[in-house]
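The values are calculated or read from the model by the stated rules, or taken from the named source; none is laboratory data. This one's a predicted model, so the numbers in the text were calculated from it and none came from an experiment. All Cβ positions, even for glycine, are placed from backbone atoms using ideal geometry, and neighbour counts span all protein chains on display. Accessible surface is based on the protein model in full, side chains and every heavy atom, while ligands, DNA and RNA are left aside. Shrake-Rupley method; radii C 1.70, N 1.55, O 1.52, S 1.80 Å.
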Amino acid sequence: MKIIMLGAPGAGKGTQAKRIAEKYGIPHISTGDIFRANIKEGTELGQKAKTYMDQGLLVPDDLVVDLVVDRLGQDDCTRGYVLDGFPRTIPQAESLDAALAKLGEKMEYAIDVDVPDENIVNRMGGRRACVGCGATYHVVFNPTKVEGICDACGEKLILRDDDKPETVQKRLTVYHQQTQPLIDYYNNAGILKSVDGTMEMDDVFDAIVKILGE
Ligand code: AP5
Ligand code: MG
């Protein structure tokens, strides 16, 4: 099962991708999480990516594509994967299609989690991310058992650097310019499915399971 999650920043791609990965037993591959892990470890890739991420800009395609194509070649990907945050530009989508074609494979589902911009800014201000394992919560919609502490690993929660309101606005603009065209791209490929991302998290997940099958 090969799945792409599409949607604006804060639409709930990560929230739903994690649940899809658990239910269907496939890896959740988030380029944002990979970059954040590299930033935390202080790698060269992390240092490069951070300068773009902190401004709400996309990391250049050449830093992203090889990284993902390598990851998809690992053993745990033989039964499929759920891609979260990639592809994010038409050239990334074309590179992904070309890499799959070389293996005689094709993407199967592109699921667009649709949320209007008005809802996004509220969501981002309330999001908290774990410094340890990267798990994501929301102070109102998905709170932790103990305030400020990750349920999964017990580490501290923070507001992501790029979740400040002015950076969120920039990310939304970049999304509309560079990523939204992928909706037409995957519609033309015949694999686009849309879900209403303004529903409660469980209802969004139910809608996705209807698409993917039990
Ligand atoms: P990335 O980490 O992918 O960020 P993003 O796309 O901006 O998406 P988010 O992670 O902010 O949102 P999400 O849709 O995962 O929402 P979530 O589930 O957390 O990328 C970060 C940066 O890395 C980019 O800006 C770019 O610089 C770089 N980058 C990454 N990939 C790249 C690529 N391919 N090419 C170039 N650059 C790249 O949910 C948000 C909040 O809402 C949470 O608090 C959650 O609890 C809550 N929530 C979720 N669902 C619901 C619901 N149904 N109701 C109420 N609340 C909800
Ligand atoms: Mg995410």
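Would you confirm, using the coordinates I've provided, whether Phe141 is open to solvent by 70 Å² or more (accessible area, probe 1.4 Å) and within 21 Å of Lys13 (Cβ to Cβ)?
yes
Restricting the search to segment 1-19, which residues are buried (at least 24 other Cβ atoms within 10 Å of the Cβ) and either more than 11 Å from ligand 1 (Cβ to nearest atom) or basic (Lys, Arg) (or both)?
Those that are buried (at least 24 other Cβ atoms within 10 Å of the Cβ) and either more than 11 Å from ligand 1 (Cβ to nearest atom) or basic (Lys, Arg) (or both): Ile3, Lys13.
Do you know which residues across segment 179-207 are in a helix (DSSP H, G or I), within 26 Å of Ala101 (Cβ to Cβ) and open to solvent by less than 80 Å² (accessible area, probe 1.4 Å)?
Of all residues in segment 179-207, those in a helix (DSSP H, G or I) come to 179, 181-188, 201-207.
Imposing the further condition that a residue be within 26 Å of Ala101 (Cβ to Cβ) reduces the set to 179, 181-188.
Listed by number, the residues that qualify are Thr179, Pro181, Leu182, Ile183, Tyr185, Tyr186.
Among the residues of segment 96-146, write down those that are of a type in the set (Phe, Trp, Tyr) and within 15 Å of ligand 1 (Cβ to nearest atom).
Tyr137, Phe141
Going by what's in this entry, would Asp112 be described as more than 16 Å from ligand 2 (Cβ to nearest atom) and either under 20 Å from Ala17 (Cβ atoms) or of a type outside the set (A, V, I, L, M, F, W, C) (or both)? Give the steps one after another, and end with the answer.
Numbers: more than 16 Å from ligand 2 (Cβ to nearest atom): no; either under 20 Å from Ala17 (Cβ atoms) or of a type outside the set (A, V, I, L, M, F, W, C) (or both): yes.
Judged against the criteria, Asp112 is not a match.
On the given criteria, is Ala110 under 14 Å from the mean Cα position of the chain (by Cα), modelled with pLDDT of 95 or more and of a type in the set (Gly, Ala, Ser)?
Considered against the rule, which asks whether it is under 14 Å from the mean Cα position of the chain (by Cα), modelled with pLDDT of 95 or more and of a type in the set (Gly, Ala, Ser), Ala110 comes out as yes.
Cys133 passes all but one of (1) in a loop (DSSP other than H, G, I, E, B); (2) open to solvent by less than 50 Å² (accessible area, probe 1.4 Å); (3) within 16 Å of ligand 2 (Cβ to nearest atom); which number fails?
(2)
Can we say Lys145 is among the basic types (Lys, Arg) and within 27 Å of Leu67 (Cβ to Cβ)?
Here the answer is no, as Lys145 does not meet what is asked.
If I filter segment 30-87 down to residues being among the acidic types (Asp, Glu) and without any contact (Cβ under 8 Å) to a residue 24 or more places away in the chain, which single residue comes out as surrounded by the fewest Cβ atoms within 10 Å (Cβ to Cβ)?
Filtering first and then ranking leaves Asp75.
(1) open to solvent by less than 30 Å² (accessible area, probe 1.4 Å); (2) closer than 25 Å to Ile39 by Cβ; (3) under 16 Å from the mean Cα position of the chain (by Cα): which one isn't true of Leu157, the others all being true?
Looking at each condition in turn, Leu157 falls short on (3).
Do the conditions hold for Ala99, that is, is it more than 16 Å from the chain's Cα centre (by Cα), surrounded by 15 or more Cβ atoms within 10 Å (Cβ to Cβ), within 26 Å of Leu67 (Cβ to Cβ) and among the small types (Gly, Ala, Ser)?
Yes.
Look through segment 56-90, keep the residues that are among the acidic types (Asp, Glu) and under 17 Å from the mean Cα position of the chain (by Cα), and return whichever of them is nearest to ligand 2 (Cβ to nearest atom).
Within segment 56-90, the match that is nearest to ligand 2 (Cβ to nearest atom) is Asp84.
For every residue, the table says whether it meets (1) in contact with a His (Cβ under 6 Å, 6 or more places away or on another chain); (2) modelled with pLDDT of 95 or more; (3) over 20 Å from Tyr186 (Cα atoms).
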| site | (1), (2), (3) |
| --- | --- |
| Lys40 | no, no, yes |
| Val68 | no, yes, no |
| Gly73 | no, no, yes |
| Pro91 | no, yes, no |
| Ala98 | no, yes, no |
| Gly104 | no, no, no |
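Going by what's in this entry, would Arg127 be described as open to solvent by less than 60 Å² (accessible area, probe 1.4 Å) and touching a His at 6+ places or on another chain (Cβ under 9 Å)?
Spelling it out, Arg127 is indeed open to solvent by less than 60 Å² (accessible area, probe 1.4 Å) and touching a His at 6+ places or on another chain (Cβ under 9 Å).
Checking the structure you have, find out if any residue of segment 139-157 is under 29 Å from Met1 (Cα atoms), touching a residue at least 60 places away in the same chain (Cβ under 8 Å) and part of a strand (DSSP E or B).
Yes, some residue in segment 139-157 is under 29 Å from Met1 (Cα atoms), touching a residue at least 60 places away in the same chain (Cβ under 8 Å) and part of a strand (DSSP E or B).
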